[in-house]
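The values are calculated or read from the model by the stated rules, or taken from the named source; none is laboratory data. Because the structure is a prediction, the values reported are computed rather than measured. Quick reminder, even Gly has a Cβ in these numbers, built from the backbone with ideal geometry, and neighbours come from all protein chains shown.
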Amino acid sequence: MRPAILVTVAAILSWAALIAISRILLVRFGFDPWAYTFLQLCAGGVCLLAIGRQGRLSLASLKRPTTWLLGLLRVLSAALFTAVLVWVSAMEAGVLAAVNVPMVAVAVWLVFGRRPARREWIGHMVVLAAIVPLVLTLEGGFANPAVVLMLLNEVCLVAGTLLAERHPDNSGTDPGARARFTGAVLLVTAGLFLVLRVVEDGGVGTIDWSPPLVISAVLVGVVLRGPSMFLTFWSTRLIGAQNYTACCTALPVIGMGLEQAAYHLGLIDISRFRPETVLLTAGVVAGTLIVVAARVRVSRPAPTG
């Protein structure tokens, strides 16, 4: 169990660092968000494919339809989450995103027949109770575009997480195979990002591909984006989609801490810290801990006498 915990903690910390550093770079230097993300995905994908090669570069994962489906789900999720940030702050979006905890539990029940434990429902109710007050403060309440888009985003995330858990290239213990699989998903995601950009704007010729943007994106892609995805798929395989999704509720808390540190260090000029949102985030985390505790209790072997 210890490797699973270490891998999951590393995945969460890596994502938190990626989000915080990306926000600093985008705010301070005004990089084009699309170009920055596209180069990140490409750099991380190529690096992992190179690390995972066996004698020659293997592109087997790119031939699987499920890899392309996973890439499509990640593109849709990223686009929807970005749209959500037009209406709410990143921390508020983190609270809304916690709806994936009960959503993935229901999805696993319906798809795999794994019914949630009784006490688990208490935790799900606490999570929802923390989300509802935030929704009610938004204009239009449950009809607010941020709420609707976040629900669609979480459908994509839940589907992608379940698919990653069962993907054949993520089922073994070979790190090289997982690296090739992760690299393939990143490159597919980058390719679909490119298609989306061409459809929306007709091309990428208007982007200022400055050396600072290219160097920053490539470095972050190799050091953080690639490892974050690799650890995510590994963790999903080790602890399952449900538990990994639950652990992700810690991301807004860690992200808030890193963002506040960046603000006090003068790296960013605007703080999105809101005490009321912190309280709701605490409610989400508390509900998630109840869910995890209920699962651990059920998974323990019965004592023998």
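In the set Arg197, Arg115, Arg180, which member is at negative phi and not in a helix (DSSP H, G or I)?
Arg115
Out of all the residues in region 146-178, which are β-branched (Val, Ile, Thr) and either in contact with a strand residue (DSSP E or B) (Cβ under 8 Å, 6 or more places away or on another chain) or over 11 Å from Leu73 (Cβ atoms) (or both)?
Once the filter is applied, which keeps residues that are β-branched (Val, Ile, Thr) and either in contact with a strand residue (DSSP E or B) (Cβ under 8 Å, 6 or more places away or on another chain) or over 11 Å from Leu73 (Cβ atoms) (or both), region 146-178 yields Val147, Val148, Thr173.
Name the single residue that is surrounded by the fewest Cβ atoms within 10 Å (Cβ to Cβ) among those in region 186-200 being at pLDDT below 85 and of a type outside the set (A, V, I, L, M, F, W, C).
So, considering only residues that are at pLDDT below 85 and of a type outside the set (A, V, I, L, M, F, W, C), the one surrounded by the fewest Cβ atoms within 10 Å (Cβ to Cβ) is Glu200.
List the number of the failed condition for Phe230; all other conditions in (1) under 14 Å from the mean Cα position of the chain (by Cα); (2) at pLDDT below 90; (3) surrounded by 21 or more Cβ atoms within 10 Å (Cβ to Cβ) hold.
Against the list (1) under 14 Å from the mean Cα position of the chain (by Cα); (2) at pLDDT below 90; (3) surrounded by 21 or more Cβ atoms within 10 Å (Cβ to Cβ), Phe230 comes up short only on (2).
Just give me the residues in region 145-170 being small (Gly, Ala, Ser) and either closer than 20 Å to Ala107 by Cα or without any contact (Cβ under 8 Å) to a residue 60 or more places away in the chain (or both), in sequence order.
Scanning region 145-170 gives Ala159, Gly160, Ala164.
For Val148, all conditions in the list (1) farther than 22 Å from Gly287 by Cβ; (2) crowded, with 22+ Cβ neighbours inside 10 Å hold save one; what is the number of the exception?
It is condition (2) that Val148 fails.
Looking only at region 1-55, which residues are outside any helix (DSSP H, G or I) and within 27 Å of Gly203 (Cα to Cα)?
Result: Gly30, Phe31, Asp32.
How many residues does region 63-72 contain that are surrounded by fewer than 21 Cβ atoms within 10 Å (Cβ to Cβ) and in a helix (DSSP H, G or I)?
Qualifying residue count, region 63-72: 6.
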